[in-house]
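Everything on this sheet refers to the single structure shown next.
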Amino acid sequence: MILDRFRMDDKVAIVTGAGRGIGAAAAIALAQAGADVVISARTTEQLDQVVAQVEAAGRRAVSVPANLNGSGYPANVRAWANRDGCNPHSTETMRAPHIIERTYRCPPGVGVVFYIVLDGGHAWPGSKFTQSIANITGFTTFEINATDTIWKFFGDFQLPRAMAKSARH
């Protein structure tokens, strides 16, 4: 049978964003294919529900709640701010009920901003297409348009012409 080729018997799968949406579905599907899973998301209650579904499929699950101040993206953004000479302590502003803007005070000409979409799926914020498939990808938001935001960033922090020319060689 073709599905036998996709068996994950006695393997371990790691799934991030597994509290709901496509992440939860992936963790459950992997368990149904025979894998034990390690799952991560910010919301412990959602992780507990996914653990129960994995265990109902006869597999083991370990949940690891995500930490917005821990390793991974938060630590990398902090390190980036540090390398750019910014104050290591960020300021957080709620831009919408589910959007945190984490900003670092930096020297003139330098900007480090980290947007956190709470309960967000794996989606490009502001995309009408992503909103149309939210049942697959999870929640997305229109309070922040990632395309406009990144273009504004590039406009605000252009490399000086001499540096840009030398970077091309």
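At a glance:
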read-out	value
Filtered residues of the range 137-166 (kept if of a type in the set (A, V, I, L, M) and either within 22 Å of the chain's Cα centre (by Cα) or modelled with pLDDT of 75 or more (or both))	Ile144, Ala146, Ile150
Residue in the range 81-102 that is surrounded by 13 or more Cβ atoms within 10 Å (Cβ to Cβ), hydrophobic (A, V, I, L, M, F, W, C) and in a helix (DSSP H, G or I) present	yes
Qualifying position, being among the β-branched types (Val, Ile, Thr), assigned by TED's automatic domain parsing to the domain that holds Thr141, assigned to a loop (DSSP other than H, G, I, E, B) and under 30 Å from Ile150 (Cβ atoms), among Val110, Val77	Val110
Any hit, the range 40-56, residues being assigned to a strand (DSSP E or B) and at pLDDT 85 or above	yes
Where Arg60 falls short, out of the listed (1) closer than 24 Å to Ile144 by Cα; (2) assigned by TED's automatic domain parsing to the domain that holds Arg7	(1)
Filter result for the condition that a residue is surrounded by 17 or more Cβ atoms within 10 Å (Cβ to Cβ) and either of a type in the set (Phe, Trp, Tyr) or not assigned by TED's automatic domain parsing to the domain that holds Phe142 (or both), over Gln32, Gln46	Gln46
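The values are calculated or read from the model by the stated rules, or taken from the named source; none is laboratory data. As the structure is a prediction and not an experimental result, all values here were calculated from the model. Cβ coordinates were reconstructed from backbone atoms using ideal geometry, including for glycine residues, and neighbour counts include every protein chain displayed.
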